1. Kindly indicate whether any position in the range 95-107 is more than 19 Å from D73 (Cα to Cα) and touching a Lys or Arg at 6+ places or on another chain (Cβ under 7 Å).
2. Looking at V69, V46, V10, V86, which is the one that is farther than 22 Å from H136 by Cβ and either among the charged types (D, E, K, R) or under 18 Å from the mean Cα position of the chain (by Cα) (or both)?
3. Take the residues in the range 79-95 that are out of contact with any helix residue (DSSP H, G or I) (no Cβ under 6 Å at 6 or more places or on another chain) and touching a residue at least 12 places away in the same chain (Cβ under 8 Å), then tell me which one is farthest from G56 (Cα to Cα).
4. Identify the residue in the range 131-158 that is among the polar types (S, T, N, Q) and not in a strand (DSSP E or B) and, among all such residues, is surrounded by the most Cβ atoms within 10 Å (Cβ to Cβ).
5. With the requirement that a residue be under 22 Å from T84 (Cβ atoms), in a strand (DSSP E or B) and among the β-branched types (V, I, T), what does the range 19-57 give you?
6. In the range 108-123, which residue that is under 10 Å from the mean Cα position of the chain (by Cα) and not charged (D, E, K, R) is surrounded by the most Cβ atoms within 10 Å (Cβ to Cβ)?
7. Can you tell me which residue in the range 85-101 is nearest to M145 (Cα to Cα), limited to those that are assigned to a loop (DSSP other than H, G, I, E, B) and small (G, A, S)?
8. Looking at R95, R90, R105, R100, which one is surrounded by fewer than 19 Cβ atoms within 10 Å (Cβ to Cβ), in contact with a Pro (Cβ under 8 Å, 6 or more places away or on another chain), among the charged types (D, E, K, R) and over 20 Å from S2 (Cα atoms)?
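Values in this text are rule-based calculations from the coordinates and carry no lab data. Computed from a prediction, not measured in an experiment: that's the story for all the values here. Cβ coordinates were reconstructed from backbone atoms using ideal geometry, including for glycine residues, and neighbour counts include every protein chain displayed.
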Amino acid sequence: MSYTVDRTAVVDEGCKIGEGTRIWHFSHLVSGCKVGKGCSIGQNVVVMGRAVIGDGVRIQNNVSVYDGVIVEDDVFIGPSAVFTNVVNPRAFISRKSEYRTTKIRRGASIGANATIVCGHEIGEYSLIGAGCVVTHDVKPYALIMGNPARQTGWVGKAGVKLEFDEEGIATCPMTGERYRIDREKEEVEPINE
């Protein structure tokens, strides 16, 4: 086995798990799920059978990754974050045919206790603050705060807030990487130099 599983965790037959992944206490990976290389699956995490987890993902304690959730590489999911997969669940009505896909793009971070309502895309390198309730798509590099969640700024790849000058250029104070904002489209992209 090229990955590590705590003795209290349950990994069903038929899971695909990448090399170097660690699965911690009391977690359950359901048959059919895909988990990439070098991931950390925290304590009491459930990954359902049609969920997909990329490489280098960190899922903290008490998170359920339901069918329909696709997590790309290098994503951070904070403790007790919540995903849904049906908009209007009822205990007495089966709505498995109505699951909506949720995509968490490369490098995004989701804060502790945030809720991501199904059917939305969380843009690459975006940062969702703790306790947010996200009910809409999130743009790449967006800084999202509050309940209901709203965009309050932009962040670079390192997760540090960006301040743009009159020409629409920002430099990450941590990495020195530069970014350009298109104020008409409300989009940010890194400047390749």
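1. Taking the range 95-107 first, the residues more than 19 Å from D73 (Cα to Cα) are 95-100.
Now restrict to residues that are touching a Lys or Arg at 6+ places or on another chain (Cβ under 7 Å): none.
No, that holds for no residue.
2. V46
3. Of all residues in the range 79-95, those out of contact with any helix residue (DSSP H, G or I) (no Cβ under 6 Å at 6 or more places or on another chain) come to 79-85, 87-95.
From what's left, touching a residue at least 12 places away in the same chain (Cβ under 8 Å): 79-85, 87.
Values: P79: 17, S80: 19, A81: 18, V82: 20, F83: 19, T84: 23, N85: 23, V87: 29 Å.
The selected residue is V87.
4. The first filter runs over the range 131-158 and keeps only residues among the polar types (S, T, N, Q), leaving 135, 147, 151-152.
Next cut, not in a strand (DSSP E or B) only: 135, 147.
Values: T135: 15, N147: 13.
Of everything passing the filter in the range 131-158, T135 is surrounded by the most Cβ atoms within 10 Å (Cβ to Cβ).
5. Answer for the range 19-57, where residues must be under 22 Å from T84 (Cβ atoms), in a strand (DSSP E or B) and among the β-branched types (V, I, T): V35, I41, V46, V47, V52, I53.
6. Within the range 108-123, the first condition is being under 10 Å from the mean Cα position of the chain (by Cα), and the residues that meet it are 108-111, 116, 121-123.
Cutting the leftovers down to not charged (D, E, K, R) gives us 108-111, 116, 122-123.
Working: A108: 27, S109: 20, I110: 30, G111: 19, I116: 23, I122: 26, G123: 20.
By that ranking, first place goes to I110.
7. Here is the first cut: in the range 85-101, the residues assigned to a loop (DSSP other than H, G, I, E, B) are 85-89, 91-92, 94-95, 99-101.
Adding the requirement that they be small (G, A, S) leaves 91, 94.
Values: A91: 31, S94: 33 Å.
This residue is A91.
8. Working: R90 fails: in contact with a Pro (Cβ under 8 Å, 6 or more places away or on another chain); R105 fails: surrounded by fewer than 19 Cβ atoms within 10 Å (Cβ to Cβ); R100 fails: in contact with a Pro (Cβ under 8 Å, 6 or more places away or on another chain).
Exactly one of R95, R90, R105, R100 is surrounded by fewer than 19 Cβ atoms within 10 Å (Cβ to Cβ), in contact with a Pro (Cβ under 8 Å, 6 or more places away or on another chain), among the charged types (D, E, K, R) and over 20 Å from S2 (Cα atoms), namely R95.
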